[in-house]
Structure formats: C-alpha cells, structure tokens
Amino acid sequence: MKIFFSVGEPSGDLHGANLIRAMKARRDDLQFVGYGGPKMAEAGCELHADLTKLAIMWFLRAFLNLHRFIGLMLQANRYFRDSRPDAVVLIDYPGFNWWIAARAKSHGIPVFYYGTPQLWAWAGWRVKKMRRYVDHVLCKLPFEEAWYRERNCNATFVGHPYFDQLRSHRLHEEFIAEQREKPGKLIAILPGSRSQEVAANLPAFLETAKKIVEQVPDARFAVAAYNENQAAYAFERIIASGLDIEVQVDRTPELIHAAHCCLACSGSVSLELLYHEKPTVIHYKISPFGLWVQSFFRKVRYITLVNILSTDKPFYEEEYFTYDPDALGADQVLFPEYLTCEDRTGDMATRIVNWLHDDDAYAQRVSALHSLRERVAGGGASMRGAEYILSKLQSETVAPQKCAA
C-alpha cells in the first residue's frame, strides 16, 4: 500500500513523522512518499521535495514563490496519474494542500486531512473546499468535529498530535540542571519558528527584557532559536541591545521546562507551554494594515490555542472582538496575548515582573494551566489517526467516502 503525504510546516513534518511510525507499527507493507521535511524522511518517507523549506506566510511571499508551488503541484499530479497511490494524507498548509487535494480527487484517490487548518478561526468559507476535495477530516481540537459536521463534512476528532511528541520527548536533564544552577530566575524567549516571525517579534521581546531587568536586575534570559541562521540573527540583535542573553539552538523544550516563565510568539508552541505549565505572555507583531485586514476574517476571540481551549465560548458571534489583556476580568485568560502593531513591551514587562515577584499569582496561574492540561493534553492522536486511515482504506477497498455536498 502506497500513501502520499503533503506537509509544508515544520510542525507538520513532526506530526507526519509520528503518524508514519504509528502506521508502520500496524502494517509492514506500507510505502510512504511525497512532500514533507527531514523528520518525515527520517521516519521512512521518500521525499519528492522538502516542502518545509517553503514554509512562508502572507500573500506577497506566497505570490513570489507561486512558480515553485505550481511546479510541485504539477509534479504531484503526474505522480497521481502514473503511480496512483492508495491514499493522500494532508497536514495543515491549506493554500498549497487544496491544490494537492483537488488533483488527488480528480484521479479518484481518497484524501485524508490529518490536523486540519483552522478554518473556523479565519476562513470559514473555505469549508466548501473541504467538502469538495477531502473524504476524511481528522480533527485536532475537541470543538472542531462538531464545527465540521455542522457543515456537512465527514469529521472525526483524534486529538492533537503535538501532545504525542511532548509526551514521548526525552528532555536533556543535564542541560536543565545546568540552567537551574545559574543565579536568577530564567525567562525563556520563544520568537517563533519562521524567520519572518523572529524578525517581527524578537526586537519587542528584547525591549521587554530590558524593562524587566530594570525592575528585576537578577532576571536571566535565553532565546530558543529554531536553527543556526535564526540564532545568528538573534546574536546580532542581542549584541546591539547591550543585553546579556544566551541563545540556544534545538533546546526549546529544555528552556521551557527550566524557565520560571516565558515570552513567546503565538503559534503551536503555546501547547508546549501548556504541557510544561509555564505562565507565558504571548506577542504577535503585525502591521497596521494587517491588523485591519484580519479584523474582517478572524472569528475567534483569541489568537492563542491555549486561550481558545480554555474557554467554552471561543467564537464571537457578531461584532469584531478585540481582547484586551489589561481589561477588567481579562485575567481569566491563561496566556495574556498581544496581537498588535503598537509597542506593548511595557505591558508585557509588567506581567512578567508580577510573576517574578508575586508567588501567589504565579502559583494560581500554574494551577490553572495544570487543570487545563489534565483536561486536553492526553496523547494518542498518532495512534488513533493511523488506525482510522488504515481501517478506512481496508474496509472501503480504496473507495473514498465522500463528504456530503
């Protein structure tokens, strides 16, 4: 049995690798091919291209790389025609993956979307494509199954695959011990995995660190870099800032675990912060134009997954909702978040300083994170996803089960 994967994000590469291993554990006659990243290749996927190198955001960047995406889509189409895999599995990366799904459906190949894009947050109209091109929608978040089923998609909740990785990852205990032996409480800075995210958010985090040190001189900071290029950029910015901050590559889980609290860019890392029960301030820098545009599309009250999971009302129904971390009653949101085009470094510093000084406030936040983790952070998504895909392919003898139109 041959299964084609299309995965474009670094996080999706990780989830794809775990899904492949889970499927291999159930059948030894499987062949995996397609688009992914180094972790999927290590798990046994024959890569036709490393799509994670094109993990980009925003319309202009996508447009400038349009010729590459078209070439990869045409390459996949030829493969579907000539080699005809038994199934196509998509993970996140909705813009490009709609093309792949459409090509697969045109050749009568069943399509599984494992770890669906967050259409409910910003692009509800795209559910029409999900109905048209995807046979099986495998959901990461508890409320997604009902959302998709209400829109006539064949959806099943399997859990968030990120928690599988977190539960299986073995921390470098010696590194953590070394960090904890150093004087001062550690604040981990997590500026994102994409280069443009780092460029947009790291300067604000460094300015926040300056303001924290003014009030807590023995506070200590470390930047978690996704790769060596981002580490080099971080070193340049740190030297220019005059701060004494270390930079670590490939030590994100250890820095989170060793930290007292964190400053982080919005993204899937919030789930890791929840898993380690770390009080965190979330920041996402956006242009004034981008902030205006997103107000027409975003349908969720918060930009951080942990905050969305912590509430029974993730959506706003009528007027655009702007969350203000400093408003009365906003403390019920677990991770204060700043989606902003302005300088909010003073506000972020105040929140971190409070957690450094007020032991009771810090303990209450950790307790609330622990409660949410116990409720939502169970593992098993990779196992359930693998079982679902293989059982459907076996029971339907490669015939796709279509979503209702």
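The values are calculated or read from the model by the stated rules, or taken from the named source; none is laboratory data. Quick caveat: nothing in here was measured; it's all calculated off a predicted structure. For neighbour counting, all protein chains shown are included, and Cβ atoms are generated from backbone atoms with ideal geometry for every residue, glycine included. With ligands, DNA and RNA removed, areas are computed over all heavy atoms of the protein, side chains included. Shrake-Rupley method; radii C 1.70, N 1.55, O 1.52, S 1.80 Å.
General remarks:
- Per-residue SASA remark: GLU46, around 100 Å² accessible (1.4 Å probe; ligands, DNA and RNA not included).
- Principal axis dimensions, largest first and in whole angstrom, of region 1-123 by Cα: 43, 28, 26
- For the chain, with +1 on Lys and Arg beta carbons and -1 on Asp and Glu, the positive-most of PHE4, MET383, PHE297 along the dipole: PHE4
- Backbone amide hydrogens, once placed in the peptide plane, bring GLU246 within less than 5 Å of PHE221, VAL223, excluding anything fewer than 5 places away on its chain.
- Across the accessible surface of the chain, with the other protein chains kept in place and a 1.4 Å probe, carbon and sulfur atoms take up 51 percent.
- Gap separating the Cα centres of region 170-242 and region 17-52, nearest whole Å: 33
- Using the Karplus relation 6.51 cos²θ - 1.76 cosθ + 1.60 with θ = phi - 60°, the per-residue 3J(HN,Hα) values for region 371-387 come to 4, 5, 4, 4, 7, 10, 9, x, x, x, 5, 4, 5, 5, x, 4, 5 Hz, with x marking Gly and Pro.
- Global dimensions of region 240-387 from alpha-carbon coordinates: Rg and Dmax equal 16.5, 53 Å.
- Relative contact order (percent, whole number), region 71-173, Cα cutoff 8 Å, 6+ residue spacing: 20
- For the peptides 151-158, 23-30, the ranking by packing is 151-158, 23-30, with the highest mean count of neighbouring Cβ atoms within 10 Å listed first.
- Long-range amide H partners of TYR35 with built H, under 5 Å: PHE5, SER6, VAL7, HIS48
- Inverse of mean 1/r across different Cα pairs in region 74-184, Kirkwood, Å: 16.1
- Segment GLU150-HIS370, length gained on full extension (0.36 nm per residue, minus Cα span): 76.1 nm
- In the chain, taking the dipole from charged Cβ atoms about the Cα centre, the farthest positive-side position among MET348, GLY16, TYR35 is held by TYR35.
- Under Karplus coefficients 6.51, -1.76 and 1.60, residue-wise ³J(HN,Hα) of region 118-128 in Hz, glycine/proline x: 7, 4, 4, 8, 8, 8, x, 5, 6, 4, 4
- Taking N as its residue count, the alpha carbon Rg of region 218-293 over 2.2 N^0.38 Å: 1.21
- Accessible area expressed per residue, the chain, with surrounding protein chains retained (probe 1.4 Å, Å²): 45
- Long pairs among LYS211/LYS313; LYS210/LYS313; LYS210/LYS285; LYS185/LYS313; LYS129/LYS278, criterion Cα-Cα beyond 26 Å: LYS211/LYS313; LYS210/LYS313; LYS185/LYS313; LYS129/LYS278
- Applying the Karplus relation 6.51 cos²θ - 1.76 cosθ + 1.60 with θ = phi - 60° to region 149-165 yields 3J(HN,Hα) values of 5, 4, 9, 6, 10, 7, 10, 9, 7, 10, x, 8, x, 4, 5, 4, 5 Hz, where x marks Gly and Pro.
- For region 122-225, convex hull of alpha carbons as volume per residue, Å³: 164
- Cα-Cα P(r), the chain, percent of pairs per 10 Å interval: 4, 22, 32, 25, 13, 4, 0
- Each Cα pair of region 166-288 feeds into the Kirkwood radius, which the Stokes-Einstein equation turns, at 25 °C and 0.890 mPa s, into a diffusion coefficient of 169 µm²/s.
- With all projection directions averaged, the alpha carbon convex hull of region 268-311 covers 3.6 nm².
- Sorted into 10 angstrom bins from 0, the C-alpha pair distances of region 314-384 split as 15, 37, 31, 15, 2 percent.
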